[in-house]
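Engineer: Starting off with a structure, shown below.
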Amino acid sequence: MPGTIGADNRTDTSSFEMPFPRHMHLDSAKANMTETSPPVIALEIEGPVALVGLNNPPVNAASQALRAGLVKAMDQLADNDAVEVIAIYGMGRTFIAGADIREFGKPPQAPSLPDVCNRIEAMQKPVLSVLHGNALGGGLEVALATHARVAIDGLTVGFPEVTLGILPGAGGTQRAPRLTGMKTALDLITTGKRIGAKEALTHGLVDKVVAGDPRDVALESAQAVLSGELPTRRTGTLTVDNDTAALKDAAETLRKKQPLLFSPHKCVEAVAASVKPLEEGLAEERRLFLECMESPQRAGLINAFFAERAVAKIPEAGARPRTVNAVGVIGGGTMGSGIATACLLSGLTVTLAEQNTEAAERGRTTIETNLDGAVKRGKLTSGQRAEILSNHLSTTTDYQDFAEADLVIEAVFEDMNVKRQVFRQLDDICKEGAVLATNTSYLDVNEIAAETRRPEDVVGLHFFSPAHVMKLLEVVVADKTAADVVATGFALGKRLKKIAVRAGVCDGFIGNRILSTYKKTAEYLMMDGASPQEIDTALTNYGFAMGPFMVADLAGLDIAWASRKRLAATRAPEERYIPIADRICEQGWFGRKAGRGYYVYGADGPSPNPEALAIIADERTKAGIAPRVFSEDDITSVIMTAIIMEAATVLEDGIALRPIDIDAVYLFGYGFPRFRGGPMHTADAIGAAELVRRIENYAKADSYFWKVPQSLAEMARDGSTFADRSKEA
Ligand code: CAA
């Protein structure tokens, strides 16, 4: 019946006190209907239809103003006898993309999102929502509380809360299962995966998918409700079949796959409560939501969310990136082929250069294999793969073929003389305005740039292996790099769907400089008594994907050995040197590729290499070290303190713009556990005073390595945090 919701036919009899003008804005911050700016809610009355436009750019986040505006609109429309149906839609690029994440961790401000959703669902007049762009998290919850949902093509819906360390806390865990059943709701809520409009329709999350402008669709859909064509109902009145098998399955999978995470397990508990009457289920959801909000993982995951975005704020943001269509890549090894693959997957044309035809063909084969992987993962169709390989990739042995390239990325052997020679040639060959990039992971980009007559065009683009998979890209800015070249590096990162972070020139830039301190510390711990396996286990239990010795075996111990030999002459005599890795290498045990390193790689997977353990014991005896026992906490405390100590000096040296940039580098390039928010976020959680105390304590045994960075000392004195410094910068 028009103007009513489902079977519930009560009509709104509340008196009408204040007529609406045809189009007015609701300044909900003041919760008053005035025409002041910013107009968070725009109301229009078209005959019996009220259109509620949400206007909170850029993503219509459900801020306090938007929440208050929605409640106010519902209250006033309930009292307006002329209105028979209400349609909520998003103005701008999207429906509500979620709760306003910036409000998390601050004192809650009424009305809460659950109250908003409950108010909407309780409306006596039918309320429908028109969804376009994104309806995520709290946005989807608002939609589920309306009495009908119309999706516009291109819509994305999902519950990303779990990726932020929380759960859908505004009825999502109760209303979604009522529409989709428990199994689908569990899948969506515990993974945070995002789905399109058609899939949402299949699952019953939306009632209809149409094309059109959100306001037009809102008006048409409201008419459809009036004519009875679009049925309405309260989600909360539906019941849920108790799918105990799905609940058990989800709980077991999460216990196995995500034992360290807090909120996914709470999501399952919340969905389990959806068999209860709505009010009871909502109360259970609220209780679990608040537990998640209190968890340090929530703060870590939200820092990761903002880190991903903060890094784009660079001094060169105003510069116009140069046009890049044709890319040259020098070097067809794992790195060069990975970079070429990343470029090809983003629609760029690539010329790959190698020293000879065989090497070039090997590079092509690696790219083909990488693209096969993309096809398997559903990122590419086999038709697109064929098209890329025949029309967008060419190989060469002649740098002259780079004459028309817009960007050339060098990924040759990590040797300054080789790199210099490459850049001299590029300088002679490349067209004016081409960007010349080096993928060096340690070397001095200023020295490389000085080899050309156009140092302003030279920049470091440090990819991480496998380059077509890893998210991080360090954009290394040398002294003379032009602003538009930096901007080009960032634009390329965006095009390649990577997270670009601005870094200054030093040995190892942000990531590898800190990594070398991390590795050294792990070796010190090994010498002092912890086994490689104990150290690796402590770090994987802390949340890293792999421990440092397993990573070293994977990377190949010979590479680090060669670099140690190269640096031997310049090593400071006071620096503590651990000879264990050298002795392991002398046996030819170069790690996984040799079947043996710190671990032995057998058919049943890696196990500790007893002969490496004998070398460790022998070196301890030679050095007169009586091995100590380290707990997992001892190991992670020492390693995290060392990482933070080096990170603080990276900041003091101006190599990273802000602490949050270091978090981004470690989260997206080095497998740092996302729920811990990054090294600088971890530093704030530990506290500067405690870190200073630890460093001073460790310095008693090794005052060359352990030094309190000035910034930490200041923070310990004034109680400030790295987060404060990220905000100030
Ligand atoms: N709260 C606050 N700010 C947000 C936000 C949110 N939920 N979502 C995005 N923003 C901000 C971004 O930080 C960014 O700000 P700056 O321009 O100042 O950096 C701006 O909006 C634009 O965002 P993007 O650069 O990410 O824009 P995009 O077009 O690439 O992507 C998007 C848009 C898909 C909506 C993406 O922003 C996104 O995925 N946002 C997060 C969505 C989310 O997690 N929602 C759930 C929130 S939790 C919740 O809702 C819990 C609950 O039930 C109570």
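Engineer: Restricting to the range 93-122, name every residue that is near the ligand (Cβ under 6 Å from one of its atoms) and of a type in the set (A, V, I, L, M, F, W, C).
Structural biologist: Passing the criteria: 97, 99, 101, 113.
Engineer: Right, here's the next one. Which residue pairs have Cβ atoms under 6 Å apart, sit 6 or more places apart or on different chains, and have a first residue in the range 692-718 that is assigned by TED's automatic domain parsing to the domain that holds residue 637 and a second that is among the polar types (S, T, N, Q) and open to solvent by 20 Å² or more (accessible area, probe 1.4 Å)?
Structural biologist: Once the first residue is assigned by TED's automatic domain parsing to the domain that holds residue 637 and sits in the range 692-718, its partners that are among the polar types (S, T, N, Q) and open to solvent by 20 Å² or more (accessible area, probe 1.4 Å) give 709/649.
Engineer: Here's a follow-up. Could we say that residue 148 is within 26 Å of the chain's Cα centre (by Cα), more than 10 Å from the ligand (Cβ to nearest atom), in contact (Cβ under 8 Å) with a residue 24 or more places away in the chain and buried (at least 24 other Cβ atoms within 10 Å of the Cβ) here?
Structural biologist: No; evaluated as a whole, the condition is false for this residue.
Engineer: In the range 123-141, what residues are near the ligand (Cβ under 7 Å from one of its atoms) and either of a type in the set (Lys, Arg) or open to solvent by 40 Å² or more (accessible area, probe 1.4 Å) (or both)?
Structural biologist: Once the filter is applied, which keeps residues that are near the ligand (Cβ under 7 Å from one of its atoms) and either of a type in the set (Lys, Arg) or open to solvent by 40 Å² or more (accessible area, probe 1.4 Å) (or both), the range 123-141 yields only 134.
Engineer: Hey, among the residues in the range 51-70 that are part of a strand (DSSP E or B) and in contact (Cβ under 8 Å) with a residue 60 or more places away in the chain, which one's farthest from the ligand (Cβ to nearest atom)?
Structural biologist: Out of the qualifying residues, it is 51.
Engineer: Same structure, new question: All but one of (1) more than 25 Å from residue 191 (Cα to Cα); (2) open to solvent by less than 20 Å² (accessible area, probe 1.4 Å); (3) over 23 Å from the mean Cα position of the chain (by Cα) hold for residue 288; state the number of the condition that does not hold.
Structural biologist: Every condition holds for residue 288 apart from (1).
Engineer: Could you check how many residues of the range 181-200 are within 14 Å of residue 242 (Cα to Cα) and buried (at least 20 other Cβ atoms within 10 Å of the Cβ)?
Structural biologist: The number of residues fulfilling the criteria is 4.
Engineer: List, please: which pairs have Cβ atoms under 6 Å, are six or more places apart or on different chains, and start with a residue in the range 587-611 that is in the same structural domain as residue 555 (by TED's automatic domain parsing) and end with one that is of a type in the set (A, V, I, L, M)?
Structural biologist: Note: pairs meeting the criteria are 590/557; 591/557; 592/554; 597/557; 598/612; 607/600; 609/600.
Engineer: For the range 383-399, how many residues meet the condition of being in a helix (DSSP H, G or I) and surrounded by 11 or more Cβ atoms within 10 Å (Cβ to Cβ)?
Structural biologist: Counting residues in the range 383-399 that are in a helix (DSSP H, G or I) and surrounded by 11 or more Cβ atoms within 10 Å (Cβ to Cβ) gives 7.
Engineer: Counting just the residues of the range 302-324 that are assigned to a helix (DSSP H, G or I) and near the ligand (Cβ under 10 Å from one of its atoms), which one comes out farthest from residue 186 (Cα to Cα)?
Structural biologist: 310
Engineer: Does residue 260 satisfy being closer than 29 Å to residue 542 by Cα, open to solvent by 10 Å² or more (accessible area, probe 1.4 Å) and part of a loop (DSSP other than H, G, I, E, B)?
Structural biologist: yes
Engineer: Of all residues in the range 228-245, count the ones that are open to solvent by less than 80 Å² (accessible area, probe 1.4 Å) and in a helix (DSSP H, G or I).
Structural biologist: Result for the range 228-245: 3.
Engineer: Checking the conditions here, which among 377, 298, 287 is within 16 Å of the ligand (Cβ to nearest atom) and either free of Cβ contacts under 8 Å to residues at least 40 places away in the same chain or touching a Pro at 6+ places or on another chain (Cβ under 8 Å) (or both)?
Structural biologist: Checking each option against the conditions leaves just 287.
Engineer: Residue 705 versus (1) over 23 Å from residue 102 (Cβ atoms); (2) assigned to a helix (DSSP H, G or I): which is the lone unmet condition?
Structural biologist: So the condition that residue 705 fails would be (2).
Engineer: Consider only pairs whose beta carbons are under 6 Å apart and that are at least six residues apart or on different chains; among these, list those whose first residue lies in the range 92-106 and is of a type in the set (S, T, N, Q) and whose second residue is open to solvent by less than 40 Å² (accessible area, probe 1.4 Å) and more than 6 Å from the ligand (Cβ to nearest atom).
Structural biologist: Within 6 Å, the pairs are 94/60; 94/133.
Engineer: Pull up the range 153-174, narrow it to residues that are open to solvent by 10 Å² or more (accessible area, probe 1.4 Å) and more than 9 Å from the ligand (Cβ to nearest atom), then point me to the one that is farthest from residue 54 (Cα to Cα).
Structural biologist: 162
Engineer: A further question follows. Which of the residues spanning the range 518-564 are under 28 Å from the mean Cα position of the chain (by Cα), polar (S, T, N, Q) and open to solvent by 10 Å² or more (accessible area, probe 1.4 Å)?
Structural biologist: Correct list: 537, 540, 541.
Engineer: Go through 601, 577 for me and flag whichever is in a loop (DSSP other than H, G, I, E, B) and of a type in the set (Ser, Thr, Tyr).
Structural biologist: Matching residue, one of 601, 577: 577.
Engineer: Please list, ordered by residue number, the helices (runs of 4 or more DSSP H) wholly in the range 400-507 having 2 or more residues that are of a type in the set (Lys, Arg) and open to solvent by 10 Å² or more (accessible area, probe 1.4 Å).
Structural biologist: Answer list for the range 400-507: 416-429, 483-495.
The values are calculated or read from the model by the stated rules, or taken from the named source; none is laboratory data. Treat the numbers as computed from the prediction; the structure is a model and nothing was measured. So basically every Cβ, Gly included, is an ideal-geometry build from the backbone, and we count neighbours across all protein chains shown. Protein only, heavy atoms only, side chains kept; ligands, DNA and RNA dropped before computing areas. Shrake-Rupley method; radii C 1.70, N 1.55, O 1.52, S 1.80 Å.
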